[in-house]
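Asker: One structure coming up, written as structure tokens, with questions to follow.
The values are calculated or read from the model by the stated rules, or taken from the named source; none is laboratory data. On a predicted model such as this, the values are computed, not experimentally measured, just so you know. Counting neighbours? That spans all protein chains shown, and the Cβs are built from the backbone with ideal geometry, glycine included. Note: accessible area is taken over every heavy atom of the protein model, side chains too, but ligands, DNA and RNA are not part of it. Shrake-Rupley method; radii C 1.70, N 1.55, O 1.52, S 1.80 Å.
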Amino acid sequence: GAGVSQSPSNKVTEKGKDVELRCDPISGHTALYWYRQRLGQGLEFLIYFQGNSAPDKSGLPSDRFSAERTGESVSTLTIQRTQQEDSAVYLCASTLHRATNEKLFFGSGTQLSVL
Amino acid sequence: AQRVTQPEKLLSVFKGAPVELKCNYSYSGSPELFWYVQYSRQRLQLLLRHISRESIKGFTADLNKGETSFHLKKPFAQEEDSAMYYCALLDTDKLIFGTGTRLQVFP
């Protein structure tokens with residue numbers, strides 16, 4: 001595709017349920033990032049994948065959050081036992097190698113609402 | 001800790017007026033800074049990066065290490081500049097973003 005694709009665009013779930021959010025990066029991009037944007041707040045770093053290296057998970061807020069990436073393609077962010085404070089826009093971004101002096105290409109995000 | 005501060009949530013100006021969007025950072029090293037922009041119903045995208053010393057759409061930003069600032073400036077605002085602007089700091093391969101400033105340019 002022409003850009004970073006995220007699905008679903010909107011997700012409404014009940015508190016306590018698990019959700020999976022998907023990101024398809026730009027083909028050939030080895031670096032992939034997940035960010036969270038809560039209402040009125042900035043982008044909060046969650047996790048970073050770079051090629052076959054171990055991911056940087058330093059931004060994951062709790063052990064309910066996890067993410068996987070298959071090679072240099074699709075990534076899935078999973079939130080278990082969702083809570084209302086998980087409601088946010090989840091943004092995925094990719095770049096050719098790493099963020100150093102390279103621009104990040106962002107997806108349009110997944111709006112997650114936990115009722 | 002590495003941090004980016006954008007003190008203004010909203011900045012409103014009239015068309016033709018000068019604009020300055022403030023950004024301050026905290027970083028224990030030589031910083032690499034960026035401005036990203038999100039226009040209405042569009043994706044977040046890179047506007048400019050300090051290392052390129054470029055001017056994009058009339059915007060410039062100068063890194064001031066003494067004041068730890070990277071303010072975004074434009075001498076004459078246009079209505080199409082209305083958007084959400086985020087300052088970002090590179091920290092070991094990941095970008096740390098500020099909370100953003102919404103710029104409204106009135107006709």
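Asker: Please get the size of the charge dipole for chain B, origin at its Cα centre, with Cβ charges of +1 on Lys and Arg and -1 on Asp and Glu, quoted in debye to the nearest 20.
Answerer: On the way: 14 positive and 11 negative charges, 36 e Å.
Charge dipole of chain B: 180 debye, to the nearest 20.
Asker: Given H placed 1.01 Å from N in the peptide plane, which residues other than close sequence neighbours of B:Lys15 have an amide H under 5 Å from its amide H?
Answerer: Amide H to amide H, under 5 Å and 5 or more residues apart or across chains, B:Lys15 pairs with B:Phe106.
Asker: Just to confirm a number: summing +1 for Lys and Arg and -1 for Asp and Glu over residues other than A:Pro55 whose beta-carbon lies under 12 angstrom from that of A:Pro55, what do you get?
Answerer: Details: positive: A:Lys57, A:Arg69, B:Lys94; negative: A:Asp56, A:Glu68, B:Asp93.
Counting the neighbours of A:Pro55, the net charge comes to 0.
Asker: Further, regarding this structure: May I ask which of A:Lys15/B:Lys22; A:Lys11/B:Lys73; A:Lys57/B:Lys74; A:Lys103/B:Lys73; B:Lys9/B:Lys65 have a Cα-Cα span longer than 31 Å here?
Answerer: Numbers: A:Lys15/B:Lys22 38 Å; A:Lys11/B:Lys73 37 Å; A:Lys57/B:Lys74 37 Å; A:Lys103/B:Lys73 20 Å; B:Lys9/B:Lys65 23 Å.
Long pairs (Cα-Cα over 31 Å): A:Lys15/B:Lys22; A:Lys11/B:Lys73; A:Lys57/B:Lys74.
Asker: If I build a Gaussian network model for chain B, linking alpha-carbon pairs within less than 10 angstrom, which residue out of B:Asp62, B:Asp81, B:Asp93 has the largest mean-square fluctuation?
Answerer: So, out of B:Asp62, B:Asp81, B:Asp93, the one fluctuating most is B:Asp93.
Asker: For B:Gly16, what is the net charge nearby, where nearby means another residue's Cβ is under 12 Å from its Cβ and Lys, Arg count +1, Asp, Glu -1?
Answerer: Numbers: positive: B:Lys15, B:Lys74; negative: B:Glu79, B:Asp81.
Charge balance near B:Gly16 sits at 0.
Asker: Which of the listed residues, B:Pro107, B:Val4, B:His50, is farthest toward the dipole's positive end in chain B, when Lys, Arg count +1 and Asp, Glu count -1 at the beta-carbon?
Answerer: So the residue we want is B:Pro107.
Asker: Positive end of the charge dipole of chain A (Lys, Arg +1 and Asp, Glu -1 on Cβ, about the Cα centre): tell me which of A:Thr76, A:Ser62, A:Leu39 has its Cα farthest that way.
Answerer: So the residue furthest toward the plus end is A:Leu39.
Asker: Per residue, how much accessible area does the protein assembly as shown have with a 1.4 Å probe, in Å²? Provide the component values of the computation, followed by the final result.
Answerer: Numbers: 10880 Å² over 222 residues.
I get 49 Å² per residue for the protein assembly as shown.
Asker: Got the relative contact order for chain B handy, in percent, Cα pairs under 8 Å and 6 or more residues apart?
Answerer: On the way: 256 pairs, mean separation 41.4, N = 107.
Relative contact order here is 39 percent.
Asker: Right, something else. Highest first, please rank the peptides A:4-11, A:32-39 by the mean number of other Cβ atoms sitting within 10 Å of their residues. Display every interim value, and only then the final one.
Answerer: Details: A:4-11: 16.4, A:32-39: 21.5.
Highest mean packing first, the order is A:32-39, A:4-11.
Asker: For chain A, what % of the accessible area comes from carbon and sulfur atoms, probe 1.4 Å?
Answerer: On the way: 2470 of 5440 Å².
Solvent-exposed carbon and sulfur of chain A make up 45 percent of the total.
Asker: Summarise the accessible area of chain B (1.4 Å probe, protein heavy atoms) by the percent that is carbon and sulfur. Let's see the in-between values first.
Answerer: On the way: 2680 of 5450 Å².
Looking at chain B in its full context, I get 49 percent from C and S.
Asker: Expressed as a whole number of Å, what is the distance separating the alpha-carbon centroids of the stretch B:1-49 and the stretch B:68-107?
Answerer: A separation of 2 Å, based on Cα centres.
Asker: Quick one: compute the contact order of chain A, relative version, from alpha carbon pairs under 8 angstrom and 6+ residues apart, as a percent.
Answerer: On the way: 284 pairs, mean separation 43.5, N = 115.
Once divided by the residue count of chain A, the mean separation gives 38 percent.
Asker: Springs between alpha-carbon pairs under 10 angstrom, Gaussian network model over chain A: which of A:Gln41, A:Gln80, A:Gln50 fluctuates most?
Answerer: A:Gln41
Asker: A further question follows. Please give the length that would be gained between B:Arg3 and B:Glu54 if that part of the chain were fully extended, namely 0.36 nm times their separation in residues minus their C-alpha to C-alpha distance (nm, one decimal). Don't skip to the answer; put the middle values down first.
Answerer: Values: separation 51, 0.36 × 51 = 18.36 nm, distance 2.37 nm.
In short, 16.0 nm is gained.
Asker: While we're here: Going 7 Å from the Cα of A:Leu39 toward and past its Cβ, which residues in the stretch A:86-115 have a backbone nitrogen under 15 Å from where you end up?
Answerer: A:86-90, A:111-115
Asker: Assigning unit charges at the beta carbon (Lys, Arg +1; Asp, Glu -1) and nothing else, what dipole magnitude in debye, to the nearest 20, does the stretch A:25-98 show about its Cα centre? Don't skip to the answer; put the middle values down first.
Answerer: Working: 7 positive and 7 negative charges, 6 e Å.
Result for the stretch A:25-98 is approximately 20 debye, rounded to the nearest 20.
Asker: Determine the distance separating the Cα centre of the stretch A:1-51 from the Cα centre of the stretch A:79-115; give it in Å without decimals.
Answerer: 3 Å
Asker: When DSSP assigns beta bridges and you keep just the ones with both residues in the protein assembly as shown, what percent turn out antiparallel, to the nearest 5?
Answerer: Given both bridge residues lie in the protein assembly as shown, the antiparallel proportion sits at roughly 85 percent.
Asker: A follow-up question, please. Give, rounded to the nearest 20 debye, the magnitude of the charge dipole that the protein assembly as shown has about its Cα centre when Lys and Arg contribute +1 at Cβ and Asp and Glu contribute -1 at Cβ. Can you show the working numbers first?
Answerer: Details: 26 positive and 23 negative charges, 61 e Å.
The calculated dipole for the protein assembly as shown is roughly 300 debye.
Asker: Another question, if that's okay. Using the Karplus equation 6.51 cos²θ - 1.76 cosθ + 1.60 (θ = phi - 60°), what ³J(HN,Hα) coupling, rounded to whole Hz, does each residue of the stretch B:81-88 give in order, writing x for Gly and Pro?
Answerer: With coefficients 6.51, -1.76 and 1.60, one gets 7, 4, 4, 9, 10, 10, 8, 9 Hz.
Asker: Here's a follow-up. With a 1.4 Å probe, how much accessible area is buried between chains B and A, both sides summed, in Å² to the nearest hundred? Mind dumping the intermediate values first?
Answerer: On the way: alone 6330 and 6250 Å², together 10880 Å².
The contact between A and B buries close to 1700 Å².
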